[in-house]
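**Student:** Take this structure, written in structure tokens, and hold onto it; I'll ask about it next.
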Amino acid sequence: MIKEFFWMCSGADDELLKDCSRSEQIKQAGIGGTVFFTALMAFIAASYALYTVFDNIYTSVFFGFVWGLLIFNLDRFIVSTIKKRNDFTAELLQAVPRIILAVIIAVVIAKPLELKIFEKEIDRVLLEEKNQMTLDNKSQLTQQFSPEITALKTENDGLKNEVVNKEAEVNSLYDTFIAEAEGREGTLKIGKGPVYAEKRAKHDTALAELHALRELNNTKIIANEEQIATLEKGLADKIVETQPVIEGFDGLMARVNALDKLPWLPSFFIFLLFLAIETAPIISKLMAPQGEYDIKLEDAEQTIKTWADQKANQRKQQLKTDAAINDRVYEDLSEEEELYNYKRKVARDIMQLQADSFYKQQKRNL
């Protein structure tokens, strides 16, 4: 049962193979097994590649199975259409397009398995890229929010400095009227005279202005700090919001690009392995001598071709003979007087009908 299944995979005629030697049957089963296992590897590779895209095992297995069937059908077609005719040049020319197709299939099959084999190394490259993307993303978002935050902080510093300068002015006025009272400056008279009262009034006015200024600026500072806190929270929320996009940066294209950043030699050898597997049925069929199955298949095809040529030749001769007979029949009929008179009468009736019809049509038009 397994042998017949592999015969089916090779595209061979099982009725012809049953009459062949055991070695010929084993050879065709081996070719079919290569086709089958190549398709199986294509199924596994495609399922893994699609899993990195859909992140759903059932969807990936379904489409991977479809891809495996496609590869199986292509390989089976490639192998079954190469005919052994003891003419290596003709066979090679026949196989060239199929070898090119096999190379393309090998590339498609090998790439997903390379992604799986080098998964840890790819994850390391992706982690480095994600970390760099996180830093770049944070820097870009900070540049969006920082001008407004910086402007608010600068405004707060200016408001605080304004209060500090006013405090310095109030303290200076305080020292002035105290020094006047103690007789150390101004009139140099101890006591609270008119000059003292004037300087004290200036101090009290400045002190009231300081209290008003402090209250006003504190209100502005609090409002600015609340706005700064809102902006900083918005920045943090934006960073958190965009982080999942960076964390999800591990799709198929990202992994392929990460694989390209790794040393090329291991990937190249894996490609060569799959190329050898994919082209093995074709190469083995080209290199193998013409076997018993090939001779019987050629004989069956030639028998059908000869029979088809014979029928075509018979139809051609039949047509030629029938044409000659018809020529003689019509030649004999052309000399019969009775047939001539009959056709003359029919033609005369038709011409009379045409004349009558033309007359009636012209009469209606007038």
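Values in this text are rule-based calculations from the coordinates and carry no lab data. Here the structure is a predicted model, which means the values were calculated and not measured. Cβ placement follows ideal geometry from the backbone for every residue including glycine, while neighbour counts extend to all protein chains displayed.
**Student:** Given 0.36 nm per residue, what is the gain on full extension from T142 to A179 after removing their alpha carbon distance, in nm?
**Tutor:** Separation in residues times 0.36 nm, less the Cα-Cα distance, equals 8.0 nm.
**Student:** Only Cα pairs within less than 10 Å get springs; with that Gaussian network setup on the chain, which residue of I222, I178, I100 has the largest fluctuation?
**Tutor:** I178
**Student:** Return the single residue from G158, G64, G32 with maximal mean-square fluctuation; model: Gaussian network over the chain, springs between Cα atoms under 10 Å.
**Tutor:** Its mean-square fluctuation being the largest, the pick is G158.
**Student:** Expressed as a fraction of 2.2 N^0.38 Å, the rule-of-thumb size for a compact globular protein of N residues, what is the C-alpha radius of gyration of the chain? Could you put the intermediate results ahead of the total?
**Tutor:** On the way: Rg = 50.4 Å, N = 366, 2.2 N^0.38 = 20.7 Å.
Dividing the Cα Rg of the chain by 2.2 N^0.38 Å gives 2.43.
**Student:** How much FRET efficiency would the formula 1/(1 + (r/R0)^6) give for I304 and I44, where r is the Cβ-Cβ distance and R0 is 35 Å, rounded to 0.05?
**Tutor:** Between I304 and I44 the formula returns 0.30.
**Student:** Across 5 Å bins from the origin, how do the percents of Cα pairs in segment 133-250 run, short distances first?
**Tutor:** 2, 11, 14, 11, 9, 9, 8, 7, 6, 6, 5, 4, 4, 3, 2, 1, 0, 0
**Student:** Treating only the Cβ of Lys, Arg, Asp and Glu as charged (+1, +1, -1, -1), what charge dipole size does segment 308-365 show about its Cα centre? Round to the nearest 20 debye.
**Tutor:** In debye, rounded to 20, segment 308-365 gives about 540.
**Student:** Right, another one. Which distance in nm do the two modelled labels at I104 and E331 give, with both placed 7 Å along the Cα-to-Cβ direction?
**Tutor:** Distance between label points: 6.0 nm.
**Student:** Then there's this: Please state the charge dipole magnitude for segment 218-266, taken about the Cα centre, from unit charges on C-beta atoms (+1 on K and R, -1 on D and E), reported in debye and rounded to the nearest 20.
**Tutor:** 140
**Student:** Can I ask one more? Holding the Cα-Cα limit at 22 Å, pick out from K3/K111; K83/K305; K153/K202; K111/K261; K18/K83; K153/K220 the pairs that are longer than that. Intermediate values should be presented prior to the final figure.
**Tutor:** Working: K3/K111 31 Å; K83/K305 15 Å; K153/K202 33 Å; K111/K261 14 Å; K18/K83 19 Å; K153/K220 11 Å.
Over 22 Å Cα-Cα: K3/K111; K153/K202.
**Student:** Grab the other residues whose beta carbon is less than 13 angstrom from that of G234, score K and R as +1, D and E as -1, and report the net.
**Tutor:** Computed value for this residue: -3.
**Student:** Same structure, new question: Around I122, under 14 Å between beta carbons, what's the net of Lys plus Arg minus Asp minus Glu among the other residues?
**Tutor:** Details: positive: K111, K116, K120, R124, K130, R255, K261; negative: E114, E119, E121, D123, E128, E129, D250, D260.
Neighbourhood net charge equals -1.
**Student:** With each run of n ≥ 4 DSSP H residues scored as -39500 (n - 2.57), what mean residue ellipticity at 222 nm is computed for the chain after dividing by its residue count and rounding to the nearest 500 deg cm²/dmol?
**Tutor:** Working: 11 runs with 323 residues, N = 366.
The per-residue figure over the chain is -32000 deg cm²/dmol.
**Student:** By the gyration tensor of its Cα atoms, with a ≥ b ≥ c the square roots of the eigenvalues, what is the shape of segment 308-365: rounded for a/c under 1.5, prolate for a/b over b/c, or oblate?
**Tutor:** Details: a/c = 9.63, a/b = 2.35, b/c = 4.09.
Oblate.
**Student:** Place +1 on the Cβ of every Lys and Arg and -1 on the Cβ of every Asp and Glu in segment 308-365, take the dipole about the Cα centre, and give the residue among S357, Q317, V329 whose Cα lies farthest towards its positive end.
**Tutor:** In segment 308-365, that residue is S357.
**Student:** Taking the Cα centre of the chain as the origin, how large is its charge dipole in debye, to the nearest 20, when only Lys and Arg (+1) and Asp and Glu (-1) carry charge on their Cβ atoms?
**Tutor:** 940
**Student:** Next question. Please give me the summed charge of the neighbours of A168: other residues whose Cβ is under 14 Å from its Cβ, Lys and Arg +1, Asp and Glu -1.
**Tutor:** Local net charge: -2.
**Student:** Among N217, N137, N171, determine the one that fluctuates most according to a GNM of the chain built with springs between C-alpha atoms less than 10 Å apart.
**Tutor:** N171
**Student:** Two decimals, Cα atoms only, Kirkwood Rh: what is Rg/Rh over segment 55-161?
**Tutor:** Dividing the radius of gyration by the Kirkwood radius yields 1.45.
**Student:** Less than 15 Å from a label point 7 Å out along the Cα-to-Cβ axis of F37: which backbone N atoms in segment 12-28 qualify, by residue?
**Tutor:** 27-28
**Student:** Work out how much length V256 to Y342 would gain on full extension: take 0.36 nm times their residue separation and subtract the Cα-Cα distance, in nm to one decimal.
**Tutor:** Gain on extension, V256 to Y342, equals 22.1 nm.
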